[in-house]
Amino acid sequence: MFPRDPPAVPGVPVHGGPSSTRSSARAVIMVALYLGLVIGTIALAGIRETYLERFWWLAPLAALAYVGVLSLTVASFARRRKRTGAHQDAVAAMTQALRAARQLPGDARLAALRELLPRLHDVRIAGDSFSAAERAELLESLAAIDAHAYVEAELARTRRKGRQADALLLLGWLTDERSLPALASALRDLGDRDPDLAYVAAQSLAEYDSELACRYLMEALQIGYISRPLVATLIETSRFAPEVVARARRDPDPDVRSWVAYLLGRSRSAHAGTWLESLAADPEPEVRASAAEALAEFPETAILESLLSDPHWLVRANAAKAIGDADFTTLAPHLTPLLRDRVWWVRQSATLALKRLGASSVPAVLPMLEDDDQFARNKAAEVLIDLGYVSQQIAALGSNRDDGVDASRRLGAVARAGARSTIAGSAGGTGTLTRQRLDVLLAEWETPR
């Protein structure tokens, strides 16, 4: 079923086999020759001219080392190119064989595929070049001849890591639900002694559009067979069942509950908002913070509003970020009190959220220019500058109507909030009348309190 030298799997070293031994021997020879070249060069550089006659053999040794290394390098590239060409030819031949098998009637087609089982790895590579409909037909035919049993037998028999990885990946490609227990068992058994192979088993489980596969992956997340961030990423990218994920929201481990909130936020399930509501009331702040961030995907403004006053700063920061991400403009007045929060991260999250809400947040921010808290005044001025409010008021200075008077007053409030230098720097691109009036105002304004 598998090639003599199994393909490399990311994170899974491949050992053993004649070709692997030959490669190791070539590597040792090349290193030795390189060392000979380096040592010979150093020796020649340190020998006095009068002693060169005694060590005449160093120069040809260095030359031989150079020629040997060059020859081995060229030969290695040539062999690699030859192997690549042979592999491409084998895959092309397999593609033709599979297309020919498709033309045969039912039993004859299954018999032809059964003969190809020993080369199932090449079948997978060739099958990936088929259209979605052709690939589905091929997988259906392979299921009919119990190809999964053939691969499971190889997985149970072999002790070579590369072949085990190849078998696990093939089970993921076949997506035959009869293999789910075998993959789950491999994930459990390999979790402690070989996390790399356990991850390959989890990758294969993520290929299945199955509630049972999702249950096995959630089991891995809860028990911790492999790294939880890795499992959560696989679940997120799979066609997972939100109902299965939601069952773990009462897990005793807060880390698991945090990942459940994260996954529910990406589930697009109509029930996810209700599930997240319970996680937003979790006793652990990390879980509430994860739920707050996930709520950006759902119109649960009342929950986010309550989380803005949470006792833990991480929850407040994540709730503010979620409001900006979700564009909940109605919550802008509830963000402005966070501009005076004692934690910098909360103030910054609220500032960024107000900027993302755009011009609709300006009415809520303006009163903060007169706030008793210096941090709040500074952040309010920063938001107004980034939203273009200050530029609009500078442009209005050139008006002889009431707009000019109002603009002077509004700019004075921004200047006292700590943006005097920013306003002064904006004078260069204005008209003559506007610039003159702005210069007068800059001279009159008091320095920020």
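The values are calculated or read from the model by the stated rules, or taken from the named source; none is laboratory data. It should be emphasised that the depicted structure is a prediction, and the values quoted were computed from it without experimental measurement. Here the Cβ is made from the backbone with ideal geometry for all residues, glycine too, and neighbour counts use every protein chain on show. We work out accessible area using only protein heavy atoms, side chains counted, and drop any ligands, DNA or RNA first. Shrake-Rupley method; radii C 1.70, N 1.55, O 1.52, S 1.80 Å.
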_Looking at the range 415-434, can you tell me whether even one residue there is among the basic types (Lys, Arg), under 30 Å from residue 321 (Cβ atoms) and modelled with pLDDT of 90 or more?_
no
*Please work out which residue is farthest from residue 125 (Cα to Cα), limiting yourself to the range 155-188 and to residues that are charged (D, E, K, R) and either outside any helix (DSSP H, G or I) or open to solvent by 50 Å² or more (accessible area, probe 1.4 Å) (or both).*
188
*asked:* Restricting to the range 280-290, name every residue that is open to solvent by less than 20 Å² (accessible area, probe 1.4 Å) and either touching an Asp or Glu at 6+ places or on another chain (Cβ under 7 Å) or outside any helix (DSSP H, G or I) (or both).
replied: 282
*From the list 192, 209, 196, which residue is under 23 Å from residue 240 (Cα atoms), open to solvent by 60 Å² or more (accessible area, probe 1.4 Å) and either in a helix (DSSP H, G or I) or β-branched (Val, Ile, Thr) (or both)?*
196
*asked:* Which pairs turn up if I take residues in the range 129-151 that are of a type in the set (D, E, K, R) and look for partners that are part of a helix (DSSP H, G or I) and modelled with pLDDT under 95 with beta carbon separation below 7 Å, at least 6 apart in sequence or on another chain?
replied: 135/127
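Of all residues in the range 258-279, how many are assigned to a helix (DSSP H, G or I) and either open to solvent by 10 Å² or more (accessible area, probe 1.4 Å) or over 22 Å from residue 313 (Cβ atoms) (or both)? Steps first, answer last, please.
Step one: of the range 258-279, the residues assigned to a helix (DSSP H, G or I) are 258-264, 272-279.
Keeping just the survivors that are either open to solvent by 10 Å² or more (accessible area, probe 1.4 Å) or over 22 Å from residue 313 (Cβ atoms) (or both) gives 258-260, 262-264, 272-275, 277-278.
Qualifying residue count, the range 258-279: 12.
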*What number of residues within the range 230-251 satisfy the criterion of being closer than 12 Å to residue 202 by Cβ and in a helix (DSSP H, G or I)?*
7
